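Working notes, structure below.
The values are calculated or read from the model by the stated rules, or taken from the named source; none is laboratory data. Keep in mind the model is a prediction, meaning the values are calculated, not measured. No Cβ is skipped: glycine too gets one built from the backbone with ideal geometry, and neighbour counts run over all protein chains shown. The accessibility values were calculated without ligands, DNA or RNA, using every heavy atom of the protein model including side chains. Shrake-Rupley method; radii C 1.70, N 1.55, O 1.52, S 1.80 Å.
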Amino acid sequence: MKRRRKIGLPAALAIALLFAVLLAGCGRNEGATKIRIGEVTRSLFYAPEYVAIEKGFFEEEGLEVELTTTFGGDKTMTALLSGTIDVALVGSETSIYVYQQGADDPVINFAQLTQTDGTFLVARELDGEFDWNMLKGSVFLGQRKGGMPQMAGEFTLKKNGIDPHADLDLIQNIDFANIAAAFASGTGEYVQLFEPQASIFEREGKGRVVASFGVESGKLPYTVFMAKQSYIDKNREAIQKFTNAVYKAQQWVRDNDAETIADVVLPYFEDVDRDIVVSSIDRYKSQGSFAEDPIVDESEWNNLLDVMTSSGELAKRTEHQELVDTAFAETAIGKAAGQSD
């Protein structure tokens, strides 16, 4: 009969340590290229971004992404320009502002994520059918001056025959993070809100969604992944892989329903009830807010310039070719088409 040898404590510890190291190595994407993303806010509007992370599309491309919420267009662009982040997810208007200030290293839009405004008009009280003329003489709690939500909002008001600075009392001095709380506490008769806050207010009886600024203002390069030209020049392979992953996520979101998408992105919205997440995603999907490919096309860019001009925020038109590089998106689409053949 063979006797089993007892393993001494030092040897047992050594084996356990080796086993732990091996397990840790298996859990890492060895040799992955790290890219630091700064998103302008945490929003269900950016569902395809979270899908790209949770479904492993970045990892499949050999990338390790670090996601930070930078809370505001100005803060996001500051982080990008200072090198705190590598890639920004923010409105294209910010790249135009930087360019028109004479930046030596312009910020280039390379992969579009959303293609409409993401805000909705919420009325505190409404009897009967909504008409835009109801806003005349009202107190309207809008978004921060110079940002895309505010510009798309003003563009929509003008389109519907309302002068936002003469026909109503427009409030624009409340910080983005506090707009919903200000409306809930009694400020304004109408408010411009993103999801899921708009749906939450409907459930709580604090307001009713009566219109979509996304539908009214048309297609725009609303939220786009962008990076400094110098970073792109030095990291073209990584940017290509990044764009490939974004396109995979966009196609996955296109092909799945709101409930399936919600289950993937729920970890990013732990304080929001699942049914609100589902209804918010469904609302964005139904109005075509999620771009189905990463191309920032010229017609959408020109619509952005029109919106900015209408709001008095554009010193001069910055043409599509100056701040947009579609090569990465076109390659990602071509690669995916080749793989499906």
*For segment 71-174, which whole percent of the accessible surface, found with a 1.4 angstrom probe, sits on carbon and sulfur atoms?*
49 percent
*How big is D for segment 106-244, in µm² s⁻¹ as a whole number, if Stokes-Einstein is applied with the Kirkwood radius of its Cα pairs at 10 °C and 1.306 mPa s?*
97 µm²/s
*Carbon and sulfur atoms: what percent of the 1.4 Å accessible area of segment 262-341 do they account for?*
44 percent
*Candidates Gln321, Gln192, Gln229, ranked by Gaussian network fluctuation over the chain, Cα under 10 Å, top entry*: Gln321
*Which ³J(HN,Hα) values, rounded to whole Hz and listed in residue order, are derived for segment 255-261 from phi using the Karplus coefficients 6.51, -1.76 and 1.60 in 6.51 cos²θ - 1.76 cosθ + 1.60 with θ = phi - 60°, glycine and proline given as x?*
8, 10, 7, 4, 5, 5, 5
*asked:* Pairwise over distinct Cα atoms, reciprocal of the mean inverse distance: report the Kirkwood radius of segment 232-284 in Å, one decimal place.
replied: 12.6 Å
_Cα convex hull of segment 279-341 - mean projected area over all directions, nm²_ = 6.3 nm²
*Under a cut-off of 20 Å between alpha-carbon atoms, report the lysines in cross-link reach of Lys316, not counting same-chain residues fewer than 8 places apart.*
Lys145
*Estimate the FRET efficiency between Thr68 and Asp127 by the formula 1/(1 + (r/R0)^6), using the beta-carbon distance for r and 45 Å for R0, to the nearest 0.05.*
0.55
*So how much slack lies between Gln100 and Ser82, counting 0.36 nm per residue of separation and subtracting their Cα-Cα distance, in nm?*
4.7 nm
*Can you list the residues, at least 5 places off or on another chain, whose amide H is less than 5 Å from the amide H of Ser311, using H built in the peptide plane?*
none
*Could you give me the ³J(HN,Hα) list for segment 212-221, computed from phi with Karplus coefficients 6.51, -1.76, 1.60 and θ = phi - 60°, whole Hz, x at Gly and Pro?*
10, 5, x, 5, 6, 8, x, 6, 9, x
*When ligands, DNA and RNA are left out and all protein chains stay put, how many square angstrom of accessible area per residue does segment 259-328 have with a 1.4 Å probe?*
45 Å²
*In deg cm²/dmol and to the nearest 500, what is the mean residue ellipticity at 222 nm of the chain if only DSSP H runs of at least 4 residues count, each as -39500 (n - 2.57), divided by the residue total?*
-13500 deg cm²/dmol
*Using the Cα gyration tensor of segment 233-330, with a ≥ b ≥ c the square roots of its eigenvalues, what is the shape: rounded (a/c below 1.5), prolate (a/b larger than b/c) or oblate (neither)?*
oblate
*asked:* Below 10 angstrom from the Cβ of Tyr222, what's the summed charge of the other residues (Lys, Arg +1; Asp, Glu -1)?
replied: -2
*Among [x] 32; [y] 26; [z] 60, which is the computed percent of Cα pairs over 33 Å apart?*
[x]
*Mind listing which GluC sites (Glu not before Pro) in segment 63-144 are in a DSSP loop and have 12 or fewer other Cβ atoms within 10 Å?*
Glu125, Glu129
*asked:* At 1.4 Å probe radius, can you tell me the per residue accessible area of segment 138-177 in Å²?
replied: 41 Å²
*asked:* Residue by residue through segment 184-200, what is 3J(HN,Hα) from phi via Karplus (6.51 cos²θ - 1.76 cosθ + 1.60, θ = phi - 60°)? Round to whole Hz and write x for glycine and proline.
replied: 4, 7, x, 7, x, 9, 9, 9, 9, 10, 7, 7, x, 4, 4, 5, 4
*Calculate the length of the line joining the C-alpha centroid of segment 240-283 to that of segment 109-132, in whole Å.*
19 Å
*Return the long-range amide H neighbours of Leu67 (sequence gap of 5 or more, or a different chain), with a cut-off of under 5 Å between placed amide H atoms.*
Ile37
*5 angstrom amide H check on Leu113, placed H, neighbours 5+ away*: Thr223, Val224, Phe225
